[in-house]
Amino acid sequence: MSIAENNRDEESNNNSDETSKVQDIQRSMSTIKHKFLVMSSQGGVGKTSVIVNLAVALAKKGMKVGLMDANFRCPDIYTMLGLEPTVAGNSDKQFIPIPYSDDLKVASIESFRQDIDETGVWGKPLKISDIRRFIASVNWDSLDYLFVDTPSGPGEGLRTVIRAIPQAKTIIVTAPHKIGGNRAKNMINFFRKEELPIFGWIENMQGFLCQHCGQRQEMFSTGPASRAIFLLDIPFLGRVPIDPRLGESADTGDPFLVKHPESEVAEACNLIVNKIMGGEKIW
Ligand SMILES: Nc1ncnc2c1ncn2[C@@H]1O[C@H](COP(=O)(O)OP(=O)(O)OP(=O)(O)O)[C@@H](O)[C@H]1O
Ligand SMILES: [Mg+2]
């Protein structure tokens, strides 16, 4: 039996439980003004790095922001913000997000999956109901913005996250190469099939300023990915350049925007945040 069939089987056996989870999710999300699912068609394009810094930028502007890490394959947000995972209990008690600052709080599926063995592999296969239990049990209180980090690429887990979070819009993060562009096109078609509103896309890792010669250099064949996505008429939110110091920030848990507020990356994130706060004006 495939994972999807297994999960469907499990879902049909737990219908009343599922109904109460749907109600819990609606309750937990009802006090959030704007919800964004941040997605990418492939792993490693910098989705988590980008949203962590966007969330920090929004919080610095005085917005109440939540970061939900629903990327059950690579939940990295606690690490990137230097937070110690609080373990959620098995009872029905609500999970209180971990504060990074007065205006930014975080809840990760990592808090719900403590059965990791010494090789970093989770003991039991993740079920669709585990993802819903996580989403349903977080008590966000009131927020201006919630960003949800999701597993990369289309699939059953991603579909569950999409369906569990009502009235969310999508932000797509891509890398500036042809393969990324082609994959993103497939992903955008997937969202359209799911009738999920697409708020816009961000191109990450777009060139870098050489520390030695001061010249701008490209890492990838820029152009094809952007052209492919522009043709699909998706609002463009901005480009984030490469900065080698960003990896170090992620590893030490110091968000780049806090450590290097004068950098090009910080400037790019602030411009994107202005568009997000401008909301429908970009359409
Ligand atoms: N603009 C950038 N400049 C330099 N390094 C970057 C940039 N964006 C991301 N990185 C680095 O690339 C690596 C992957 O980034 P990240 O973990 O954010 O990607 P992801 O898309 O969230 O990956 P996953 O699919 O595993 O969730 C990290 O080491 C990160 O520090
Ligand atoms: Mg990630």
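What follows draws every value from the coordinates through simple rules; no lab data is involved. Since the model is a prediction, treat every value here as computed from it, not as a measurement. Note that each Cβ is placed from the backbone with ideal geometry, even for glycine, and that neighbours are counted across all protein chains shown.
The fewest-to-most ranking of 140, 201 by surrounding Cβ atoms within 10 Å reads 140, 201. Once the Kirkwood radius over Cα pairs is known for segment 18-282, the Stokes-Einstein relation at 10 °C and 1.306 mPa s delivers a diffusion coefficient of 85 µm²/s. Among residues other than residue 48 with Cβ under 13 Å from its Cβ, the summed charge is -3 (Lys and Arg +1, Asp and Glu -1). By the count of neighbouring beta-carbon atoms within 10 Å, fewest first, 208, 95, 134 end up ordered 208, 95, 134. With neighbours defined as other Cβ atoms within 10 Å of a residue's Cβ, the residues 265, 138 order from fewest to most as 265, 138. Distance from the C-alpha centroid of segment 146-183 to that of segment 17-92: 13 Å, rounded to the whole angstrom.
Among 55-61, 20-26, sorting by the average number of other beta carbon atoms lying within 10 angstrom of each residue, highest first, gives 55-61, 20-26.
Among the listed pairs 60/178; 127/169; 35/259, those whose Cα-Cα separation exceeds 32 Å are 60/178.
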